[in-house]
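J.: Take a look at this one; I'll ask things after.
The values are calculated or read from the model by the stated rules, or taken from the named source; none is laboratory data. Source: prediction; values computed, not measured. Cβ placement follows ideal geometry from the backbone for every residue including glycine, while neighbour counts extend to all protein chains displayed. Heads up: the accessible areas ignore ligands, DNA and RNA and are worked out on the full protein's heavy atoms, side chains in. Shrake-Rupley method; radii C 1.70, N 1.55, O 1.52, S 1.80 Å.
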Amino acid sequence: MNRLDEAVQFFRGERSFHRLFCEMKKKYESLGRIGGAISVTSFSTEEKEAIASFFGKEMSRVSLAAFEQQLTNTRFAGISLIELLEHYFGEPFVTKKEQQIEAEREKEAYFTRLMHTYRAQRDWLIAVEKQRFVQLAYQQNPQTLETAISVVCRALEQLPSTYVRLPVFAQQVANDPHALDLHTLAGKLLLSALQFYAEKEYDLSSVEEVNELLQSCHLLREDVLNFVTCAGVLAETEKGRHLVFAAACETNTALNVPLREVMPLVRAYPSIGNTVFIVENAGVFSTLVDTNVPLISTNGQLNLATMWLLDLLVKEGVTLYYSGDFDPEGLKMAQRLVERYGSSVRLWHYDRSDYLATKPTVPLPDERLAKLQSVTLHDLQPVKQEMLRRKKAGYQEAIVEELRKDTY
């Protein structure tokens, strides 16, 4: 038996050294060298006595260098601490730095292989690799990530040329209608890919912009519960006049029209005049319907069905008058309408004096006020600044009579 084997046999026989050896192993792997010290204050009495016997004195801390030096004073002189520890544990040590280098090498090989396998999507894979949710998914389970990427790459190759509902498309691509649900890893990857290849930038934190992105690729997330509320609007399909819209106008009936019924329309226009009034809230909409004017309610958000109908109206040269709540979300909706439809939109009772007329009393917390930073439209700056000063919201229900006067 050589001296190294003898040393290993000795320390394995002295079990009181095991905890110290485990701690020294961790320290070496962490530092990448013989250095640092181990506190032994929490060790057992037997463990402390064994260490004291080895050093010839009581120790509260044991440095790795001191332990290696003490070995030279025993019959195991000439054996390095790293040799002793590796043979004691029966495996070569890998430092944290070496582990990181190897992990990075494995990750690079992993993504290189994916880029080779899915060459058509190579540019997207290069970009998505850097995204945090992908890095996290790789750390958690590389195989799960690869499976999701495989599904998305197949989806990109099979994007439909006519409108398909997302669950139906997922069934076709992955034999699972939920494979591309947007809360799943594959769903998030799909949005990343569609955004990467899209001609414009979409805000993926916005439900409606996500829906619009999907729609641009002929994918429909929801086409029944996604609806537009309207009155006084006529419409046509390729077959001619839409009888439901016509009957609603004749009887001054409000309609909730699902996206699936809006999509076949080729034209939309006011039943009278060339103006459509848009309000944010259903209660205000219901109040104004009695005035028998062309009217749309966003119900608090610009969903895809509403934007689809507005697109058709603007295409006909219609002027849109928008009135919303005096809160950050209302201002952002007003700005979005102007950004999308330009000079076709008029802000309607939506300035500083109208805000003050609502007698704003509902406090706005800082996190909502922070949303006003993205409101950059010139015409909204006076009301934005007043809102920042008062830190209170006003609501269009307070000025509904003024709105009603304009619709007679």
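J.: Cβ-Cβ under 6 Å, sequence separation 6+ or interchain: first residue in segment 254-276 and assigned by the TED database to the domain that holds SER297, partner open to solvent by 50 Å² or more (accessible area, probe 1.4 Å) and of a type outside the set (D, E, K, R). Which pairs?
T.: That search, which allows pairs on different chains as well, returns ASN256/PHE227; VAL257/PHE227; PRO258/VAL224; PRO258/PHE227.
J.: What number goes with the only condition from (1) without any contact (Cβ under 8 Å) to a residue 40 or more places away in the chain; (2) open to solvent by less than 20 Å² (accessible area, probe 1.4 Å) that VAL318 does not pass?
T.: (1)
J.: Okay, moving on. From LEU214, LEU189, LEU180, which residue is outside any helix (DSSP H, G or I) and either open to solvent by less than 20 Å² (accessible area, probe 1.4 Å) or in the same structural domain as ASN256 (by the TED database) (or both)?
T.: LEU180
J.: Right, here's the next one. Suppose we filter segment 307-322 for residues that are of a type in the set (Ser, Thr, Tyr) and either touching a Cys at 6+ places or on another chain (Cβ under 8 Å) or farther than 21 Å from TYR395 by Cα (or both); how many remain?
T.: 1
J.: Still on this structure, I have one more. Can you say whether TYR350 is in a helix (DSSP H, G or I) and either touching a residue at least 12 places away in the same chain (Cβ under 8 Å) or not hydrophobic (A, V, I, L, M, F, W, C) (or both), as far as the supplied structure shows?
T.: no
J.: Name the residues in segment 230-247 that are assigned to a strand (DSSP E or B) and either of a type in the set (D, E, K, R) or open to solvent by 10 Å² or more (accessible area, probe 1.4 Å) (or both), would you?
T.: LEU234, GLU236, THR237, GLY240, ARG241 - these are the residues of segment 230-247 that are assigned to a strand (DSSP E or B) and either of a type in the set (D, E, K, R) or open to solvent by 10 Å² or more (accessible area, probe 1.4 Å) (or both).
J.: For the list (1) without any contact (Cβ under 8 Å) to a residue 24 or more places away in the chain; (2) in contact with a helix residue (DSSP H, G or I) (Cβ under 6 Å, 6 or more places away or on another chain), I need the number of the one condition that GLN373 fails.
T.: The one condition GLN373 does not meet is (2).
J.: Separate question: Being of a type in the set (Lys, Arg) and over 15 Å from MET333 (Cα atoms) is the filter here, so list the residues in segment 357-375 that pass it.
T.: LYS359 - this is the single residue of segment 357-375 that is of a type in the set (Lys, Arg) and over 15 Å from MET333 (Cα atoms).
J.: While we're on this one: Anything in segment 255-275 that is of a type in the set (A, V, I, L, M, F, W, C) and open to solvent by 50 Å² or more (accessible area, probe 1.4 Å)? List them, or say none.
T.: Result: VAL266, ILE272.
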